[in-house]
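Data block below; observations after.
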Amino acid sequence: MKKSKSFPIALCLTALGLVLTVYGCKTINSTSVANFAASVAAVKTQADDALNSASTLTLNESIAYAAMQPTLQEANFIETPTADTISQWDNALSAMETYAQNLSTLLSPNAANNFDVAATNLFNQFNQTASALNSASKNPGSPDFTLLATAFTQVAGAIIQAKEEATAVKIAAATDASITNICNLLANEIGADRLTAPGLRKTLNETVWSTDLAQLNVEFLNTNNTPVEKLTISQQYAALLAKRDAEDQILASLRHSLLLLSDAHHTLAQGQPASIQADLNVVASEIQHSRELYSQFSSITNK
């Protein structure tokens, strides 16, 4: 499993905090495309940190569980999400980042000449990403990425079909529905909450937090505990709640960022004067907050 990296806050606060504005009717300016690409890059790093922290958490819990078993077994050491799943997320967001960067090709004086090559490269990358997602779905412990793979295939097809237009706004319009679908599917993998909606947040709550909190409650109810011992258990319980909430907020922030990326792309696709500065400022603020939570969570976990 790759090591987590700290969030590039300077990038997040500048790129995500900038106004993603479309000037004029049915046109896209270069700054808008560049800011969108920078936003995708920032959220990709946010996803890497959020998913790696969840993976580290579940691995640490499985180590504690394995230590109490009579024999060591590989099956007892579990990571959620797995390294393969994290890799597929990275591939998906890398393809999105390349797509955003290549939109700028359409804004150059030689757009018509250059975009044939760019469109072909994007077509290949999106299809390769779809193939990798389909393969990952067949691996034990991996989520079902079939719908996500289909969305990437649809983007690839839309790019090739629309390449004759050779304008950024028409390509964005052609791919908008599928890009929105990709962002929504990734957000669904995270989950809308930790209690009811399917997703990583609910999985972590059920397999890690609820189990650990229940165990502490059992220890607290032991009639042989002294008041001092009960105080210690209560402090452990409070610390565990803080860790749970910090980890859950990190994942919730990632989900919100993914949905705002969808909004940003839709703004590009509309090619109309619009600003989502307020939304991007929220993302920047959330990433800053996530960085603080991630640092706090890591220090507690490593004690």
(message) Residue by residue through segment 240-250, what is 3J(HN,Hα) from phi via Karplus (6.51 cos²θ - 1.76 cosθ + 1.60, θ = phi - 60°)? Round to whole Hz and write x for glycine and proline.
(response) 5, 4, 5, 5, 4, 5, 5, 5, 5, 5, 4
(message) Please give me the summed charge of the neighbours of LEU133: other residues whose Cβ is under 15 Å from its Cβ, Lys and Arg +1, Asp and Glu -1.
(response) -3
(message) Through the Karplus equation 6.51 cos²θ - 1.76 cosθ + 1.60, θ set to phi - 60°, convert the phi angles of segment 37-49 into ³J(HN,Hα) values in whole Hz; use x for Gly and Pro.
(response) 4, 5, 5, 4, 4, 5, 5, 4, 5, 4, 5, 4, 5
(message) Once you place label points 7 Å from the Cα toward the Cβ at THR211 and LEU241, how far apart are they in nm?
(response) 2.2 nm
(message) Please enumerate, by chain and number, the aspartates and glutamates with C-alpha under 14 Å from the C-alpha of LYS243, excluding those fewer than 8 residues away in the same chain.
(response) GLU61, ASP212, GLU292
(request) Order the peptides 207-216, 40-49 from the highest to the lowest mean number of other Cβ atoms within 10 Å of their residues. (result) 40-49, 207-216
(message) Distance cut-off 28 Å, Cα to Cα: go down the list LYS138/LYS202; LYS170/LYS202; LYS138/LYS170 and report the pairs above it.
(response) LYS170/LYS202; LYS138/LYS170
(message) List the residues, sorted by chain then number, that are 5 or more residues from PHE145 or on another chain and whose placed amide H is less than 5 Å from its amide H.
(response) SER137
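No lab work stands behind these numbers, since they all come straight from the coordinates. Computed from a predicted model, the values in this text were never measured in an experiment. Every residue, glycine among them, receives a Cβ derived from its backbone with ideal geometry; neighbour counts consider all protein chains shown.
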